[in-house]
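Asker: Pasting a structure here, questions to come.
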Amino acid sequence: MFKEGCIILAGAVIALPLASQGIADIAQWSVPAPKVYESPIDRYQAIETHLADLLEQRQALWQSRDGDSYMRQQRRSERLKRLLGASVDVLAANTAMQARQSLSDLDSSIRSRQTELAQLRAKAANTPTSPCDDSQRSLLQTVSCSVMPSGQAVVMADIERNERQLAELENERSRQLGALAQGLREIGIELTSSDLNGLLLLVSADRLIEAYAAYEGLMQVNAALIRAAEATQGDIEVLKRYYGFHVALVEVALHLHETFLDELEGQWIPRLSALRNEAIAARFDSERLLKSEKDEGLRRRLTANLSANALSIEAADLYGDHLRAQEREVAARWSELHRQHRIAVNTYRTVAIQGDILAVMRQTDDGFAELMRLELPPLRSFASDQLRTAVGQISEKLRLSAVSR
């Protein structure tokens, strides 16, 4: 799945043109596209100010008796959270994140088009016909209708226009899916088309892609800090500043994982459990009604409901397995980073020898490289079309529940 030693290809920005004017409506959904840095040096220059601000906020604690203690993000100040979040954004800015943002915008537009089409078709079904809708109309009627088309003709024209625009949006989505796959390959992640589509079904997809993108950024920035530390020629004050940036970078990595864990543990897994309980309750109700129902038509309806409930429960169980596997993997990476952080802070308090500092920084660099081995849970279990559809429906419910909170 992973290719050792892959790096982001400098300047490999994938920018696909919009298919036609029909795609212009994605602008109403879009947020600014993530920046893609042309080189590791550009990325380092972009994050350096954030690291300096983090160092200013954190160095007094690192030098205190309680310097090895560490607070999870729930207990941090809002300013510190914003600084850490802005640093993660710089680390994760690459072509994969850019393509993922485009896909999110397109998916929103596609859903909007599909809803509008359904409404137009319902409207057409209840719009009375007129002589203008008769293919055998006279020449006079044809001329008249060209000037004043019937209500149904107007609705059908709107349907055709929306169908064309929906096709354009779906074609553009296919192109951006290819851009996402390419962006992931650039950071060493090889996914089949099926696995990539399975990944995007999950509500945690954005955080997973962000994590992988940020891991490459972590290694690039830490390598820049090592070069800067080597160039200090033993000046302890300057060396300590760059090493402080390094410690701040470790805290940025911890924040990245904590954000992911907090969403899994505090949002998605509990909400998924609630949806599963709803499906179990619905199944129980269908079974109870089926026992007393005599009408064959209603019994068939209840039997179909039971099958749908069973599929929902199976999909929720598979979904839960995936999210809990991600939770275990991310928690394990956080624990390893936390261990490195304690050593890094302890070294910051005792910094005196350039060689010792560089050794610790290089050891952490190896730890960042190890993060790239974060494994995706296997997605083959979503191979059934019915299960994939059910998982997609669960994701939509989870997202809607998050928006409504």
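The values are calculated or read from the model by the stated rules, or taken from the named source; none is laboratory data. Everything quoted here is computed from the prediction, not taken from an experiment. Please note: Cβ atoms are built from the backbone with ideal geometry, for glycine as well, and neighbour counts cover all protein chains shown.
Asker: When the residues of segment 277-321 are filtered to those that are of a type in the set (Asp, Glu) and in contact (Cβ under 8 Å) with a residue 40 or more places away in the chain, which remaining residue is farthest from Leu199 (Cα to Cα)? Don't jump to the end; show me each part of the working.
Answerer: Our first condition is that a residue be of a type in the set (Asp, Glu); within segment 277-321, this holds for 278, 285, 287, 293, 295-296, 314, 317, 321.
Retained after the next criterion (residues that are in contact (Cβ under 8 Å) with a residue 40 or more places away in the chain): 314, 317, 321.
Details: Glu314: 18, Asp317: 16, Asp321: 13 Å.
The selected residue is Glu314.
Asker: Still on this structure: Tell me, which helices (runs of 4 or more DSSP H) lie completely within segment 72-169 with 2 or more residues that are farther than 30 Å from Met219 by Cβ and at pLDDT 75 or above? Steps first, please.
Answerer: On the way: elements: 78-92, 95-125, 139-147.
Answer list for segment 72-169: 95-125.
Asker: In this structure, does Ser335 turn out to be more than 18 Å from the chain's Cα centre (by Cα), loosely packed, with under 13 Cβ neighbours inside 10 Å, at pLDDT 90 or above and assigned to a helix (DSSP H, G or I)?
Answerer: Values: more than 18 Å from the chain's Cα centre (by Cα): yes; loosely packed, with under 13 Cβ neighbours inside 10 Å: yes; at pLDDT 90 or above: yes; assigned to a helix (DSSP H, G or I): yes.
Yes, satisfied.
Asker: Does Ile357 satisfy the criteria of being buried (at least 16 other Cβ atoms within 10 Å of the Cβ) and modelled with pLDDT of 90 or more? If you could, list the steps in order and put the result at the bottom.
Answerer: Details: buried (at least 16 other Cβ atoms within 10 Å of the Cβ): yes; modelled with pLDDT of 90 or more: no.
Against the criterion (buried (at least 16 other Cβ atoms within 10 Å of the Cβ) and modelled with pLDDT of 90 or more), Ile357 does not qualify.
Asker: Going residue by residue through segment 275-296, is there one that turns out to be surrounded by 13 or more Cβ atoms within 10 Å (Cβ to Cβ), of a type outside the set (Asp, Glu) and touching a Gly at 6+ places or on another chain (Cβ under 6 Å)? Spell out the reasoning first.
Answerer: To start, the set of residues in segment 275-296 that are surrounded by 13 or more Cβ atoms within 10 Å (Cβ to Cβ) comprises 275-276, 278-280, 282-283, 285-287, 289-290, 293.
From the residues that got through so far, the ones that are of a type outside the set (Asp, Glu) too are 275-276, 279-280, 282-283, 286, 289-290.
In the following step, the residues that additionally are touching a Gly at 6+ places or on another chain (Cβ under 6 Å) were identified as none.
Within segment 275-296, none of the residues are surrounded by 13 or more Cβ atoms within 10 Å (Cβ to Cβ), of a type outside the set (Asp, Glu) and touching a Gly at 6+ places or on another chain (Cβ under 6 Å).
Asker: Kindly indicate whether Ser204 is at negative phi, of a type in the set (Ser, Thr, Tyr) and buried (at least 22 other Cβ atoms within 10 Å of the Cβ).
Answerer: Details: at negative phi: yes; of a type in the set (Ser, Thr, Tyr): yes; buried (at least 22 other Cβ atoms within 10 Å of the Cβ): yes.
Yes; evaluated as a whole, the condition is true for this residue.
Each row is one residue, and each column tells you yes or no for (1) modelled with pLDDT under 65; (2) among the aliphatic types (A, V, I, L, M).
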residue	(1), (2)
Gly11	yes, no
Val31	yes, yes
Pro34	yes, no
Asp42	no, no
Ala60	no, yes
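Asker: If you take the residues of segment 215-236 that are part of a helix (DSSP H, G or I) and acidic (Asp, Glu), which of them is modelled with the lowest pLDDT?
Answerer: Glu230
Asker: Of (1) in a helix (DSSP H, G or I); (2) modelled with pLDDT under 80, Asn346 satisfies all except one. Which?
Answerer: Checking Asn346 against (1) in a helix (DSSP H, G or I); (2) modelled with pLDDT under 80, the one that fails is (2).
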